[in-house]
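Values quoted throughout were computed directly from the atomic coordinates according to the rules given, and no laboratory measurement underlies them. Worth saying up front: this structure is predicted, and the values here are computed from it rather than measured. Cβ: placed from backbone, ideal geometry, glycine included. Neighbour counts: every protein chain shown.
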Amino acid sequence: MENFAPVTRSEDGQPVRYLIVDDSVFARKNLARMVETFGGQVVGEAGDGVSAIKEYARVTPDIVLMDITMPQMEGIEAAEKIVRDHPGARIVMVSSVGYQENIVAALQRGARHFVQKPVKAEVLYEVIKYVMRDDGVAARGAGAGG
Amino acid sequence: MRMDVIQPFINSADAVLAQGMGSPIAIENLSMEEGAYRRQGVAAEVCLTGEIEGRVIFDVDLGAAVQLASRLAGVEVSETDEEMVREAVCELANQIIGNAITTLNDQGFHFHVRPPTLHLSEQGSKSSEDTEALVMAFNTSSGNVFMNLALRHHCIGTEHVAVAG
């Protein structure tokens with residue numbers, strides 16, 4: 001995997017904290033590996049939308065990476081509920097199902113961005129920087145592979 | 001089976017497999033299956049409902065499944081770690097189907113897909129006349145990946161025509 005300049009929180013210089021939500025343990029592992037190469041810290045994981053809502057309240061992450069198709073409660077509904085309770089939540093949908101109406105539905109319900117699987121690390125890195133914007137800072141010379 | 005329905009699955013499988021396996025992929029064989037499905041390796045099944053109905057089975061030779069699991073996990077996975085290997089095949093199925101239905105949905109086909117489930121029995125149900133199965137073998141450096149498609153186009157009203165037009 002490429003090397004990425006660490007993205008940290010601008011307020012305290014600490015690693016960006018992530019909640020990873022996916023019913024596939026492989027997808028969670030893969031995303032965890034990627035965000036760790038961005039200097040991030042995985043503070044929670046969940047395998048469905050219901051658990052994601054509970055985990056969000058427990059760990060209050062900086063960013064949620066959320067799958068869409070999951071058992072019990074799908075990702076878009078979970079995102080909507082999280083954003084309703086925590087308006088500042090930054091949720092990035094990560095799904096293999098990336099058709100237009102799905103993306104629009106996710107954004108309308110409060111998601112900040114969408115990344116299609118299979119996830120490319122350099123794409124996710126740019127999305128993380130974009131979603132953190134003023135609240136995150138990448139080390140000097142930051143950029144994919146930087 | 002309509003080619004415009006099948007093609008996105010082929011394109012998606014080719015692209016996702018090449019990235020997932022980290023090596024070039026070749027389509028080795030294509031056939032229509034008349035008898036009941038017989039599992040050959042580690043298999044995952046995805047069911048579709050709506051304008052396109054049926055099921056897709058991904059059946060992966062053990063060697064290829066182990067390589068895939070190792071690539072996805074970022075650590076060496078052994079043949080004995082069955083849970084990891086099965087999870088990897090389900091994730092592969094999820095990604096291929098997801099990319100294919102993205103294309104189909106943007107073309108105006110509307111249907112719902114359920115999360116992949118493991119196909120553990122040695123034999124599956126026989127395909128019927130209107131859900132004949134197309135079987136494709138993708139050759140990878142560590143074994144074959146079979147994609148078994150049994151789908152039919154089930155037109156609901158004029159939705160497809162309206163969207164496509």
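Observations on the model:
- Helix B:82-106 and the longest principal axis of the Cα set of chain B meet at an angle near 30°.
- Shape summary: the stretch A:19-66 maps onto an equivalent ellipsoid whose semi-axes, from the alpha-carbon gyration tensor, are 17, 13, 6 Å in decreasing order.
- Partner shielding of B:86-99 amounts to 5, given as the average count of beta-carbon atoms from other chains within 10 Å of each residue beta-carbon.
- In a reduced charge model with +1 at each Lys and Arg Cβ and -1 at each Asp and Glu Cβ, the protein assembly as shown shows a dipole moment near 800 debye about its Cα centre.
- Projecting the Cα positions of B:63, B:111, B:121 onto the charge dipole of the stretch B:1-131 (unit charges on Cβ atoms of Lys, Arg, Asp and Glu, taken about the Cα centre) puts B:111 furthest along the positive direction.
- Taking every DSSP helix (H) stretch of at least 4 residues in chain B, weighting each as -39,500 (n - 2.57) and dividing the sum by the residue count yields a mean residue ellipticity at 222 nm of -12500 deg cm²/dmol.
- With a 10 Å cut-off around each Cβ of B:107-117, the average count of Cβ atoms from other chains is 2.
- Straight-distance candidates among the aspartates and glutamates for linking to residue A:129, with alpha-carbon spacing under 13 Å and chain neighbours fewer than 8 residues away dropped: A:62.
- On a per residue basis, the convex hull of the C-alpha atoms belonging to the stretch A:1-81 measures out at 86 Å³.
- Across chain A, the relative contact order, built from alpha-carbon pairs under 8 Å that are at least six residues apart, equals 29 percent.
- Over 19 Å between alpha carbons, listed pairs A:54/A:120; A:29/A:120; A:54/A:81: A:54/A:120
- Take every Cα pair under 8 Å whose residues are at least 6 apart in sequence, average their separation, divide by the length of the stretch B:3-164, and the relative contact order is 37 percent.
- Signed unit charges on C-beta, dipole axis of the protein assembly as shown, positive-most listed residue B:97, A:49, B:145: A:49
- Inter-label distance, residue B:2 to residue A:134: 5.0 nm, where each label sits 7 Å from its Cα along the C-beta direction.
- Principal-axis analysis of the Cα atoms of chain A puts helix A:25-37 at an angle of about 30° to the longest axis.
- DSSP-defined antiparallel bridges as percent of all bridges, the protein assembly as shown, nearest 5: 70
- Of A:69, A:39, A:20, farthest towards positive along the dipole that unit charges on Lys, Arg, Asp, Glu beta carbons give the stretch A:13-131: A:39
- Alpha-carbon centroid distance for the pair the stretch A:62-92 / the stretch B:17-43, whole angstrom: 35
- Calculated on alpha-carbon atoms, Rg and Dmax of chain A in Å: 14.0, 43
- Size of electric dipole in the stretch A:13-131: Cβ of Lys, Arg +1 and of Asp, Glu -1, about Cα centre, debye, nearest 20: 260
- Residues residue B:34 and residue A:120, FRET efficiency given R0 of 35 Å [Cβ-Cβ distance, rounded to 0.05]: 0.30
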